[in-house]
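Chemist: Okay, here's the structure, questions in a sec.
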Amino acid sequence: MDFTFTDEQCLFRDAARDFLRGEIKTQRIRESWNTDSGRDTALWRQLAEIGLTGVTVPEAHGGLGLDELDFVQLAQECGYVALPEPLVNCALVAVPLLVAVGDELAAHWLPKVAAGEARVIAGLAQDPLVEDAHVADLLLYGEGGNLYALQPDEYALVRSESVDPSRRLFRVTPNPGVAAVLDGAQAEPLLAAGFERGALGCAAQALGLAQRMLDMSVEYTAQREQFGRPIGSFQAVKHHLADVAVALEYARAPVYRAACSLARGDPRAPLHVAHAKLAACDAASLAATKSIQVHGAMGYTWEVDLHIFMKKAWALAGSWGDAASHKARIAEAVLDDGAPLGAGATF
Amino acid sequence: MQLDYTEEQQAFRAEARQWLAAHVPAEPLPSYDTEEGFQRHREWEAVLHRGRWTMVTWPGDLGGRGSSLVEWLIFEEEYYRAGAPKRVNMNGICLLGPTLMEYGSEAQKARILPKMASGEEIWAQAWSEPNAGSDMAAIRSRAARQGDTYVINGQKIWSTRAVWADWCFGMFRTDPDSQRHHGLTFILVPLDTPGVTVRPIPQLDGLPGFAEIFFDDVEVPVANRLGEEGAGWRVAMATAGFERGLMLRAPARFQETARRLVELYRENRASADRDPAIRDAVLRAYLDAEAYCLATYQTACRLDQGGKIGPESSTNKIFWSELDQAMCGTAMRILGARAELLPHAPAAAGVGTWLDDFLFAQSGPIYAGSNEIQRNIIAERMLGMPR
């Protein structure tokens, strides 16, 4: 039993953290809102330079060949800065899908992903819309139980605007006559595994978002004075943020366990992912509610950066399976007779 | 990260399971808040001691096994799975024991720990006073130094297990001119010392689970002091405190409650589903008990590898106490009109121990540092918010 990350995993996380916190200032995010694509190809190449786009690409294709467990803390860091680039989707969902499909498709695209020359995006149809489909050089699209590998001239997009100006969401319609790369029984396990990875990616980002909102709120309430004192010295304010800290503390371990279960092929991984997604998104939603409260009217403005993180947290709560669908998965696993429950049943 | 048990850990679990199967009393013991029950629980501690299971993390010469924290978690899982008796000496083993190991003299350790481990001496805590509850630095009970003796005068309250316990430990003001957390000294007092009066206080269930302790010119030797004179606050709040918090309530306890809650829901599904919030609360109970287990394993692994526990551990007391309250509250809602019935009432079929569990769960957010105080600690020491 070892519930810790390796030194190597933590060093990689720290390097990613330094880079992301240094480069992804909120001003850069705000500037991206005013561009056509909302995405920044130069930044994508920078991410490739420090190895982030190729984290999960097999070494034979120029990547680092790492797994869900190696990536999960990086996804947290992406959440912390509300990274607009589709790194989590690409590295955690699309690349493993490509690897599973294999053949020339994988051989062609994986080196380009590792080199930062291409973005491969997965949209697996649990959600009606696909984020970042407009910047996909290759779109792995699941529909009707089939998996399509679509290049930009093979589908039509209709954008639906999100409350979060960083999110670019599209309805995808493959052109008539485009053939699936896998269908039926072959596609099903890949689509299912891809969905779990997508939900894990959301959960990990939600942890980062919750931590960011908590940090911002601690900082703001230490500076803002009322009644001649920083408002952070008042118990009512402290207890709001302590509640966020508690929720976050008990969301992390489920997310890490889910990553470990996926990486090791544990048959209970879907249950673990559902728990992770619910716990992390609940923590992020609580962080949003408490953070806007302690920011007062400032938190309700466009100028103050808090909304960048709140809106992403709200959006992720409904993405890659909403709370109801994950709860239904848990109910199925837990409420039926014979489910392993109680002391000693966790691992 | 490797989330499965090693062969040694599996063997440890098997040994614990086998031993418990052979030794756990077939019938539940009477409540340890009755005279007979207390005695029976004391005897159970001796049985545990003979099996070297009192506290598996303690070193071998104190009757432990020098186990890792992960092994301790495994033992606790088997203990709760087996439905073994409650631990009557929890205040000794979990609260005083680790403090003694850190601050006690060799003579103190040799005198106290073996008898604590065997259940021969049961310990009560004597922290709170009528005007020093959450504000523990307001302690007024005095210990005046006279040569090699402290003369104690004052009053302690909410002393769990004190009615039939043998000893108590607490903080007393040795410097009469001192303020707040200065001038306090950690002292151990035999409860049969002349001048000590213990007045039982019935709890919600009507049984005297805690007591007031009055001290009238109670003389104890200076050798009963733990740590330096005037250093009581530091001794009581030492880093060991965080670890004590970790070990006070094993996740297994709440996972068993969550399991029973799921079973109660299954048995009463038709009526429970009239309120969809109940099903949601049952799922939440399962998930939160699971989260508490996962987070505790994570901390245990980190500490087993030489890591240090920090103020983030204050989150655990809030989490388990509010989880317990929510779980027991949900059980009461499922039981509906039967929820209020005492277990022996003629119409109380199928109510199990939920009423007792529910009553006790109300104390969780209050004892061992109220959850308001815990939230202050999290805000100030973990998040760094201004005082």
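Laboratory data are not the source of any read-out in this text; all were calculated from the coordinates shown. What you are looking at is a predicted structure, and each value in this text was computed from that prediction instead of being measured. Positions of Cβ are generated from backbone atoms using ideal geometry, with glycine treated the same way; all protein chains shown enter the neighbour counts.
Chemist: Lysine pairs in chain A 8 or more apart or on different chains: how many have alpha carbons under 17 angstrom apart?
Modeler: Values: A:25/A:311; A:25/A:312; A:238/A:290; A:277/A:311; A:277/A:312; A:277/A:327; A:290/A:311; A:290/A:312.
Lysine pairs, 8 or more places apart or on different chains, close enough: 8.
Chemist: If I take R0 = 45 Å and measure r between the Cβ atoms of residue B:237 and residue B:280 in this structure, what FRET efficiency does the formula 1/(1 + (r/R0)^6) give, to the nearest 0.05? Walk me through the intermediate numbers first.
Modeler: Working: r = 39 Å, r/R0 = 0.87.
It comes to 0.70.
Chemist: Evaluate the range B:272-332: find the radius of gyration of its Cα atoms, find its Kirkwood radius, and give the ratio Rg to Rh.
Modeler: On the way: Rg = 14.8 Å, Rh = 13.0 Å.
Rg divided by Rh gives 1.13.
Chemist: Checking the cross-link filter: which lysines have an alpha carbon closer than 27 Å to that of residue B:109, excluding same-chain neighbours under 8 positions apart?
Modeler: Qualifying lysines at Cα under 27 Å: B:86, B:156, B:308.
Chemist: Additional query: Quick one: dipole size for chain B, taken about the Cα centre, charges +1 on Lys/Arg Cβ and -1 on Asp/Glu Cβ, in debye to the nearest 20. Don't jump to the answer; show the numbers that get you there.
Modeler: Numbers: 41 positive and 51 negative charges, 98 e Å.
With Lys and Arg at +1 and Asp and Glu at -1, about 480 debye.
Chemist: Additional query: Per residue of the range A:65-81, in order, report the coupling 6.51 cos²θ - 1.76 cosθ + 1.60 (Karplus, θ = phi - 60°) as ³J(HN,Hα) in whole Hz, putting x for Gly and Pro.
Modeler: x, 9, 10, 4, 5, 5, 8, 4, 6, 5, 4, 4, 5, 4, x, 4, 9
Chemist: Take the range A:265-345, drop everything but the C-alpha atoms, weight them equally and run the Debye formula without solvent; then report log10 I(q)/I(0) at 0.14, 0.21 Å⁻¹ to two decimals.
Modeler: Debye intensities relative to I(0), on a log10 scale: -0.59, -0.93.
Chemist: Go through A:213, A:223, A:201 and say which Cα lies farthest out towards the positive end of the charge dipole of the range A:196-334; charges sit on Cβ, +1 for Lys and Arg, -1 for Asp and Glu.
Modeler: Among A:213, A:223, A:201, the one farthest towards the positive end of the dipole of the range A:196-334 is A:201.
Chemist: Could I ask something else about it? Which whole-Hz ³J(HN,Hα) couplings does the range B:23-37 yield from phi under the Karplus relation 6.51 cos²θ - 1.76 cosθ + 1.60, θ = phi - 60°, glycine and proline marked x?
Modeler: Running phi through 6.51 cos²θ - 1.76 cosθ + 1.60 with θ = phi - 60° gives 10, 5, x, 5, 9, x, 6, x, 3, 6, 9, 10, 4, 5, x Hz.
Chemist: Assuming a viscosity of 0.890 mPa s and a temperature of 25 °C, what translational diffusion coefficient in µm² per second does Stokes-Einstein assign to the range B:7-88, Rh being the Kirkwood radius over Cα pairs? Kindly include the intermediate steps, with their values, before the conclusion.
Modeler: Numbers: Rh = 13.1 Å.
After rounding, the answer is 187 µm²/s.
Chemist: Non-local amide H neighbours of residue B:238 (under 5 Å, H modeled in plane, Pro and chain starts lacking H): which ones?
Modeler: The list, which skips near neighbours in sequence, is empty: none.
Chemist: Using +1 on the beta carbon of Lys and Arg, -1 on that of Asp and Glu, and nothing else charged, what's the dipole of the range B:7-88 about the Cα centre, debye to 20?
Modeler: Numbers: 10 positive and 14 negative charges, 13 e Å.
About 60 debye.
Chemist: Modelled label-to-label distance, residue B:15 and residue A:179, 7 Å Cα→beta-carbon offset: nm?
Modeler: About 6.3 nm separates the two model spin labels.
Chemist: Another question, if that's okay. If you wrap chain A's Cα atoms in a convex hull and average its projection over all directions, what's the area in nm²? Each step should come with its number before you reach the end.
Modeler: On the way: hull surface 75.1 nm².
Average of the hull's projected areas for chain A equals 18.8 nm².
Chemist: Which whole-number percent is the relative contact order of the range B:39-178 (Cα, under 8 Å, 6+ apart)? List each step's numbers first, then the result.
Modeler: Numbers: 196 pairs, mean separation 30.3, N = 140.
In percent, rounded to a whole number, it is 22.
Chemist: Can you pull the one-decimal nm distance between simple spin-label points at residue B:197 and residue B:348, each 7 Å off the Cα toward Cβ?
Modeler: 3.5
Chemist: HN-Hα J couplings of the range B:302-312 from phi, Karplus 6.51/-1.76/1.60, θ = phi - 60°, integer Hz, Gly and Pro as x?
Modeler: Result, rounded to whole Hz: 4, 5, 4, 8, x, x, 10, 8, x, x, 4.
Chemist: Jot down the radius of gyration and Dmax of the range B:43-107, Cα atoms only, both in angstrom.
Modeler: 12.1, 37
Chemist: Say the dipole of the range B:239-382 comes from +1 at the beta carbon of Lys and Arg and -1 at that of Asp and Glu; which of B:323, B:300, B:341 then lies farthest toward its positive end?
Modeler: Result: B:300.
Chemist: Would you pull out the residues with amide H under 5 Å of residue B:149's amide H, same chain only if 5 or more places away, H placed 1.01 Å from N?
Modeler: Here B:222 satisfy the definition.
Chemist: Please state, as a whole number in µm²/s, the translational diffusion coefficient that the Stokes-Einstein equation yields for chain B at 10 °C and 1.306 mPa s, with Rh defined as the Kirkwood radius across alpha carbon pairs. Could you put the intermediate results ahead of the total?
Modeler: Working: Rh = 22.2 Å.
For these conditions, the coefficient is 72 µm²/s.
Chemist: On alpha-carbon atoms, Rg over Rh for the protein assembly as shown using Kirkwood Rh? Could you put the intermediate results ahead of the total?
Modeler: Details: Rg = 28.7 Å, Rh = 28.1 Å.
Value, to two decimals: 1.02.
Chemist: What number, in percent, do you get for the relative contact order of chain A if the mean sequence gap of Cα pairs under 8 Å and at least 6 apart is divided by its residue count? Could you put the intermediate results ahead of the total?
Modeler: Working: 561 pairs, mean separation 53.5, N = 347.
Worked out over chain A, it gives 15 percent.
Chemist: Let me test this: with uniform point scatterers at the alpha carbons of the range A:110-214, what is the Debye-based log₁₀ I(q)/I(0) at q = 0.09, 0.12 1/Å?
Modeler: -0.25, -0.45
Chemist: Hey, another quick one. Under 12 Å between alpha carbons, and skipping anything fewer than 8 positions from residue B:115 in its own chain: which aspartates and glutamates qualify?
Modeler: B:45, B:166
Chemist: Non-local amide H neighbours of residue B:201 (under 5 Å, H modeled in plane, Pro and chain starts lacking H): which ones?
Modeler: For residue B:201, whose amide H was placed from the backbone, the distant partners under 5 Å are B:210, B:211, B:212.
Chemist: If you don't mind, another one. So what is the relative contact order for chain B, in percent, with contacts set as C-alpha pairs under 8 Å and at least six apart? Don't skip to the answer; put the middle values down first.
Modeler: Details: 638 pairs, mean separation 49.0, N = 387.
Rounded, it is 13 percent for chain B.
Chemist: Compute the FRET efficiency between residue B:43 and residue B:107 as 1/(1 + (r/R0)^6), taking r as their Cβ-Cβ distance and R0 = 25 Å, and round to the nearest 0.05.
Modeler: On the way: r = 28 Å, r/R0 = 1.13.
After rounding to 0.05, the efficiency reads 0.35.
Chemist: Hey, another quick one. How would B:286, A:148 line up from fewest to most surrounding beta-carbon atoms within 10 angstrom?
Modeler: Numbers: B:286 25, A:148 22.
Lowest to highest Cβ neighbour count: A:148, B:286.
Chemist: Could you tell me the calculated FRET efficiency between residue A:161 and residue A:10, based on Cβ-Cβ distance and R0 = 35 angstrom, to the nearest 0.05? It would help to have the intermediate numbers written out before the result.
Modeler: Details: r = 38 Å, r/R0 = 1.10.
Result of the calculation: an efficiency of 0.35.
Chemist: Counting Lys and Arg as +1 and Asp and Glu as -1, each charge on the Cβ, what is the dipole of chain A about the Cα centre in debye, to the nearest 20?
Modeler: Working: 29 positive and 44 negative charges, 223 e Å.
The dipole of chain A has a size of about 1080 debye.
Chemist: Moving on to the next point. Where does the range B:123-233 land on Rg/Rh, using Cα atoms and the Kirkwood Rh? Present the calculation step by step, with values, prior to reporting the outcome.
Modeler: Numbers: Rg = 13.2 Å, Rh = 13.7 Å.
With Rg and the Kirkwood Rh in hand, the quotient comes to 0.96.
Chemist: Counting Lys +1, Arg +1, Asp -1, Glu -1, what net charge surrounds residue B:332 among other residues with beta carbon under 12 Å of its beta carbon? It would help to have the intermediate numbers written out before the result.
Modeler: Working: positive: B:333, B:338; negative: B:340, B:356, B:357.
Spelling it out: positives minus negatives among the neighbours equals -1.
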